[in-house]
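No lab work stands behind these numbers, since they all come straight from the coordinates. Just so we're clear, the structure is a prediction, and the values are computed from it rather than from any experiment. In this analysis, Cβ positions are derived from the backbone assuming ideal geometry, glycine residues included, and neighbour counts consider all displayed protein chains.
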Amino acid sequence: MVKIAWGITGCGDKIEEIVKLMIDLKNKYNLDIDIYASKSAKVVLKWYKLWNLLIDEFYDIRVEVDANSPFLPGKLQTGKYDIFIVAPTTANTVAKVAHCIADTLITNSIAQGIKAKVPTYIYPPDNKIGEIETIIPGGKTLKLYIRKEDVENVNKLRKMNGITVLDSVDEIKDVILKYVKSEKS
């Protein structure tokens, strides 16, 4: 069974799609997914009315207390997880990781997981300069303008050892299916 640590930050863009994907993949492939939510992620998930859905679908959901609690960094280092996915990822988290700042549960876990050679996949929706449309709670569309500075930070992640940047929700699915297939062979 593929064991996944899934970090969620306070990014609302694509959050509904990602939660649906998590549930679909878990149920279809019997995945062992533990969710680690930043403090802001819990707020955003509640705002999108997804928090209770996650509680109903997943056994292990933990919310950040500090940079080392719950004890995700240690679990990554000791081999509890096959992969670490952080999706969706805020521009703030991306900036911290790009500049080697590890002062939150998610950023510290990324740093420690990489040191232990745990494959780490990060999906930042803010990955291309320009205008995007996102869906906010209630179904309304909001236009956002992605800054070049945010994309520069994403590009720094692309160059870092141990991190694979994913550019779409479909790429998250592809990565997980790769691990499912490799386990069966």
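Some points to look at:
- Gain upon complete extension [Asp24, Asn68; 0.36 nm per residue less C-alpha separation]: 12.9 nm
- Label zone at Met1, where the point sits 7 Å out along the Cα-to-Cβ direction: region 28-45 residues whose backbone N lies under 16 Å: 28-35
- For region 130-185: rounded, prolate or oblate by the Cα gyration tensor [a/c cutoff 1.5]: oblate
- Greater than 23 Å apart at Cα, pairs in Lys3/Lys28; Lys46/Lys115; Lys28/Lys117: Lys46/Lys115; Lys28/Lys117
- Value of [θ]222 nm, deg cm²/dmol, for the chain, DSSP H segments ≥ 4, -39500 (n - 2.57) each, nearest 500: -13500 deg cm²/dmol
- Centre separation in Å (Cα based) which lies between region 1-18 and region 123-185: 11
- Placing +1 on the Cβ of every Lys and Arg and -1 on the Cβ of every Asp and Glu, with nothing else charged, gives region 3-184 a dipole about its Cα centre of roughly 260 debye.
- Rounded, prolate or oblate (a/c below 1.5 giving rounded, otherwise prolate when a/b exceeds b/c) for the chain by Cα gyration tensor: rounded
- Across the chain, the mean sequence separation of Cα contacts (distance under 8 Å, 6 or more residues apart), normalised by length, yields a relative contact order of 23 percent.
- Farthest toward positive dipole pole in the chain [+1 Lys/Arg, -1 Asp/Glu at C-beta], among Val97, Ile172, Pro125: Val97
- When DSSP beta bridges are restricted to pairs lying wholly in the chain, around 25% turn out antiparallel.
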